[in-house]
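The values are calculated or read from the model by the stated rules, or taken from the named source; none is laboratory data. All figures in this text were calculated on a predicted structure; none of them were measured in a lab. Here the Cβ positions follow ideal geometry from the backbone for every residue, glycine too, while neighbour counts run over all protein chains shown.
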């Protein structure tokens with residue numbers, strides 16, 4: 001009889017990724033489909049999850065009956081959305097012909113598991129949104145921020161994009177210094193506003209309000225590039241984003257009773273922190289200074305979800321070498 005397999009899924013807002021793995025962390029198949037975030041993807045998540053699962057099973061040439069456990073991680077699967085996430089997971093699982101057990105967890109849990117096999121530590125995520133989280137015994141115990149574009153997500157890609165447009169408007173009406181962000185943002189927004197500052201400001205204003213909140217995050221790379229190129233305004237925004245993110249991390253560490261504990265496992269996740277640029281550089285330096293350790297990087301939430309599934313099948317124990325194989329394959 002064949003050994004059981006596991007499945008891990010990272011259900012993102014635009015893309016859902018799935019891996020099929022054996023218990024030794026060898027990835028046998030991969031699948032992908034559209035977004036399956038119940039809050040922002042705009043379509044029922046169950047169908048996208050089913051397609052990702054089916055594609056991964058076909059890629060692995062695996063009998064669905066061999067799959068013993070699956071973990072599906074998604075934003076919005078916390079307390080408020082737990083039952084809806086669990087229902088979507090069960091629907092997709094059955095639709096893909098799978099008979100084993102499946103669990104729905106948050107994107108924070110699979111992100112932390114993607115970065116480290118340790119059960120205890122901290123996660124700092126900064127992508128479209130931003131949140132800090134603390135884990136003990138593999139369970140999420142505390143979190144800070146993650147309150148969305150309007151009320152929180154400080155230091156996130158959306159925060160950077162919004163602050164960039166505010167800096168552009170201040171530069172155009174004279175309240176703030178001139179910045180290379182102005183021309184860069186006007187070009188990125190596809191505007192033809194001429195040279196009159198008032199006309200340019202009104203064009204930026206109209207375009208900014210037409211963007212969906214998440215689309216503001218597409219402007220974040222402009223801040224990073226221009227900060228690295230020496231623009232003082234962009235550099236100040238990058239430094240403020242890093243300061244806010246490090247404050248979030250320090251706060252959740254303190255709430256979890258970890259303070260400045262040396263050697264604490266810290267995992268970084270999300271495009272702002274994993275892409276090259278000054279925000280990630282400053283945050284990594286801050287983590288090294290505070291905790292005396294290099295932070296790990298969560299490159300693939302689906303691999304983290306598969307690791308969680310392995311732990312579930314093994315009663316909470318698994319060889320860290322399996323985690324290394326899962327994450328090395330994902331990084332490649």
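Numbers below:
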| read-out | value |
| --- | --- |
| Some residue of the stretch 180-202 being under 29 Å from residue 255 (Cβ atoms) and at pLDDT 95 or above | no |
| Selection from the stretch 174-199 of residues that are assigned to a helix (DSSP H, G or I) and within 22 Å of residue 225 (Cα to Cα) | 181, 182, 183, 184, 185, 186, 187, 188 |
| Selected residue (only one of 274, 244, 249 is farther than 18 Å from residue 145 by Cα and in contact with a helix residue (DSSP H, G or I) (Cβ under 9 Å, 6 or more places away or on another chain)) | 274 |
| Condition met for residue 170 (on the phi < 0 side of the Ramachandran plot, touching a helix residue (DSSP H, G or I) at 6+ places or on another chain (Cβ under 6 Å) and either surrounded by 21 or more Cβ atoms within 10 Å (Cβ to Cβ) or part of a helix (DSSP H, G or I) (or both)) | no |
| Residue that is outside the structural domain of residue 162 (by TED's automatic domain parsing), in contact (Cβ under 8 Å) with a residue 12 or more places away in the chain and in contact with a strand residue (DSSP E or B) (Cβ under 7 Å, 6 or more places away or on another chain), where the choices are 309, 318, 324, 253 | 309 |
| Positions within the stretch 125-147 being free of Cβ contacts under 8 Å to residues at least 60 places away in the same chain and more than 14 Å from residue 270 (Cβ to Cβ), in sequence order | 135, 137, 139, 140, 147 |
| Lone unmet requirement of (1) within 20 Å of residue 158 (Cβ to Cβ); (2) modelled with pLDDT of 95 or more; (3) surrounded by fewer than 16 Cβ atoms within 10 Å (Cβ to Cβ) for residue 223 | (3) |
| Leading residue by the ranking (modelled with the highest pLDDT) among those in the stretch 101-143 that are outside the structural domain of residue 72 (by TED's automatic domain parsing) and under 10 Å from the mean Cα position of the chain (by Cα) | 124 |
| Helices (runs of 4 or more DSSP H) contained in the stretch 227-332 and holding at least 3 residues within 30 Å of residue 182 (Cβ to Cβ) | 232-255, 271-274, 278-291 |
| Any hit, the stretch 310-319, residues being buried (at least 23 other Cβ atoms within 10 Å of the Cβ) and modelled with pLDDT of 90 or more | yes |
| Checklist (1) touching a strand residue (DSSP E or B) at 6+ places or on another chain (Cβ under 7 Å); (2) at pLDDT below 85 applied to residue 39, failing item | (1) |
